[in-house]
Amino acid sequence: MFASGSSLLLSSMAIGQTVVGGNVSTNTVWDLAGSPYQLSSTIRVVGGAVLVINPGVEVQVDPGESIIIGDAALGSGELIARGTASRTIRFNDPGGVPGTRDKIRFTNDAVDAVYDASDSYVSGSILEHCEVEHGPVRIENASPRLVSSRFAQSRLFGVIANLDHSQATPSLQVLNCQFRQNGDASGSGGLSSGLGIIGGQDHLIKGCQFRDNLDRGFVHESYDGPGGCEVAHCLFDGNVGGGASFAHCAEIKIDSSEFSSNGTVAAAGRGLDVWECDLLVLTNCTFDSNIAMGSGGGGGLHAEHVDEVLIDDCTFRNNRSAGGGGAVNIQFSRFTIRNSSFLNNRSSSAGGAIWAEGDAGSEIEGSFIAQNRSEHGGGGICLSGNLLMKGTTVQCNTALERGGGLWLPDIGDVTLHGSTAMNEFNSFQGNQSPKGDAICNDNSIGAGPINADFVCWGPFAPVTSPNRIWDGIDNDDLSVVVVTNPVTCAVSDCGQAYTTFCPGDATGAICPCMAQGATGHGCPNTNPNGNGALLLGSGIAEFGSDSFRLSVSSGPPGKVGIILQGTAAFNYPDGNPGIPNASGILCVDPTRRGWAFVTDGTGTATVSDFQGQPFGATAQLLGTTYYQYWYRDPGNPCQNAPASSAAFNFSNAVQVNWE
């Protein structure tokens, strides 16, 4: 039997307002007619009593008071607060001041929630469709059910659960709840979050939102016990100290969840932080625009000393970090990354997308790593340790120092080869770096060769593009990347700040003598391959970075040439670009000419320093600029032109949009 408003102290101050305090030792109902209920002193629900709070009720809890469920000396207690979506139950501070005093405390003597075989709620303590503001809900070795409730504006925690490791600890179910604007913004470095669970195991956090908390959104630590948690269909957004963190746990499984805009430029944080756990499984998750400006790196994910990390069908985009790994930083862990995408992530250190120290058995399979950038090495990946890569595309990444696609700074067992039987291969295209556009291998010679059989390198194999791989061929102290059986595959479109135009392949102006170069090349020349010279851009077309380069291939071997620069192009972009001239097509209206250079024995050369003399007019580099390779070409196959004019030729042209 339930009594309406039964307590040690109950008085009606006015119609619709009830003052309560002391012990609730018989079954009691707080109904809407007595709302709001104002605590004059701490309430303790004890002696086996049940306190039921009906939908729509408001409970005003002053900063110095609490509602405590159960007591070791006075016996068990149970709280059933079940509102509805349209009539929530509110627990708040009348003054609206965020505090640290518990609004509600479930002790070890609180009656736990009970579930049937289908995991549906049957009985026990529950907060459903409740709003708790200005102070935390504390759970001490108890297991109430939290569902469809909102916890906001509490100092330190919205909900904090301390579960004893020395006994069979309960698990928590937190379903469809919101945690907003909780935590400590003082910068004290203490533990705070929207939801904190210390200890216990097999917790289920599902359908929850962690938004705009002043420290972390969710924290789970289990220093002396097994721990373990399943997170599904949750949103972690805008949390200053990071989306979620786990430490010293058994199994962490996160499915179909989003981590976005966590961390700030001024504070340490990231999407997800995992330390010293047995297993981390991420499936179908998105990490977008998270920031890690403190130590450790990994704007999206930092995992350290985790026995096994599995990332499957996840997307990491627009994350950045001051440390290694703009998207992911994995240390001292075996990892597997499958069917995942890494797009437009940035690191101020190494590993634009991924920085990893991989234990034996680490793999990247069927993934797409593109448009990432590192200020040091490994525009796509920086890897120390072991790795098997299969069926993965690494393209259009940039590193300002070394390894545009992949940088291998330390000894490890790395395998890149594909499978001809399954037609499965890795692809490295459109990556850019001064030392190794695709790969920079800084492993010592003692590490042994790296097998790169059956790999796609873009339109040219590394042998025709010397900077594609930096390894023992460039430095005798390093091991080599063994390239055999290169794959022919579609050329990637990197959407870079430069594009080619005005080829001599009959798609625009026609070459003199009706000759025709290879697709994208200039008009035919005296190079034995007969393709015509090809001019391509690489690096970053950004004033101050000084990494932009123009590369010549298929030019006449050992011949003098220069780069023409102009701010206008003939008949481009309208009409058929270019004007037939000598043995080729003049595309650029030149205003500057670079220093003369000579191609090597294969007809290749690289030109840089576009911000110095004779190119370097700063104003001219801040906008659209056009470039073309002019070169001596005696003995050109265009026999109908006069010998004096046929002695020179042109490549295609390149448009560069300087920033």
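The values are calculated or read from the model by the stated rules, or taken from the named source; none is laboratory data. Only a predicted model underlies this, so the values are computations on that prediction, with no experimental measurement involved. Glycine gets a Cβ as well: all are built from the backbone with ideal geometry, and neighbour counts include every protein chain shown. Surface areas here come from the heavy atoms of the whole protein model, side chains and all, with no ligands, DNA or RNA. Shrake-Rupley method; radii C 1.70, N 1.55, O 1.52, S 1.80 Å.
One quarter of the convex hull surface, Cα atoms only: what value does that give for the stretch 379-449 in nm²?
4.5
Give me the distance between the Cα centres of the stretch 90-144 and the stretch 291-322, rounded to whole Å.
33
From the Cα gyration tensor of the stretch 3-146, with a ≥ b ≥ c the square roots of its eigenvalues, which class applies: rounded if a/c is under 1.5, or else prolate if a/b is larger than b/c, or else oblate?
Since a/c stays below 1.5, the shape of the stretch 3-146 is classed as rounded.
Go through the stretch 60-155 and name the trypsin sites (Lys or Arg not before Pro) that are in a DSSP coil and have 16 or fewer other Cβ atoms within 10 Å of their Cβ.
Filter output for the stretch 60-155: R87.
Roughly what % of DSSP beta bridges within the stretch 105-151 run antiparallel, to the nearest 5?
Once the DSSP bridges in the stretch 105-151 are tallied, antiparallel ones form about 20 percent.
Evaluate the distance, in nm, between pseudo-label points positioned 7 Å from the Cα of S118 and of V560 along their respective Cα→Cβ axes.
Each label point is offset 7 Å from its Cα along the Cβ direction, giving 8.8 nm.
Can you give the percent of C-alpha pairs in the chain whose distance is more than 38 Å?
The answer is 49 percent, as a whole percent.
Taking a cut-off of 17 Å between Cα atoms, list the aspartates and glutamates near K435, but don't count ones fewer than 8 places away on the same chain.
Partners found: E375, E401, D410, D471, D474, D476, D477, D546, D609.
Given a cut-off of under 8 Å on Cα pairs at least six residues apart, what relative contact order in percent is computed for the stretch 66-142?
On the way: 166 pairs, mean separation 32.6, N = 77.
Here the relative contact order equals 42 percent.
Would you list, by chain and number, the lysines whose Cα falls below 23 Å from the Cα of K390, excluding same-chain residues fewer than 8 positions away?
Of all the lysines, none pass the test against K390 - Cα under 23 Å, at least 8 places apart if same chain.
Quick one: accessible surface of V29, probe radius 1.4 Å, all protein chains present, in square angstrom to the nearest 10.
Per-residue accessible area (V29): approximately 30 Å².
Using Cα-Cα distances under 8 Å and only pairs 6 or more residues apart, what relative contact order does the stretch 320-445 have, in percent?
21
Going by Cα centres, the stretch 356-435 and the stretch 226-258 are how many Å apart?
Cα centroid to Cα centroid, the span is 28 Å.
Which value does Rg/Rh take for the stretch 346-417 over its C-alpha atoms, Rh per Kirkwood?
Numbers: Rg = 11.0 Å, Rh = 11.6 Å.
For the stretch 346-417, the value is 0.95.
To make sure I understand the rule: partners must be lysines, Cα under 18 Å from the Cα of K206, and not fewer than 8 residues away in the same chain. Which ones qualify?
Answer for K206, where 18 Å is the Cα cut-off: K253, listed by chain and number.
Going from most exposed to least, what order do L32, L550 have by accessible area with a 1.4 Å probe? Spell out each step's value before the answer.
Numbers: L32 80, L550 0 Å².
Result, largest first: L32, L550.
Can you list, largest first and rounded to whole Å, the semi-axes you get for the stretch 312-445 by taking the square root of 5 times each eigenvalue of its Cα gyration tensor?
Each semi-axis is √(5λ); the values are 19, 16, 15 Å.
State whether the stretch 415-454 is rounded, prolate or oblate according to the following rule on the C-alpha gyration tensor (a ≥ b ≥ c being the square roots of its eigenvalues): a/c under 1.5 gives rounded; otherwise a/b larger than b/c gives prolate, and the remaining case gives oblate.
Details: a/c = 5.12, a/b = 1.27, b/c = 4.02.
Since a/c reaches 1.5 but b/c is at least a/b, the shape of the stretch 415-454 is classed as oblate.
Provide the FRET efficiency to the nearest 0.05 for the V482-D202 pair, computing r from the beta carbons and using R0 = 56 Å.
0.70
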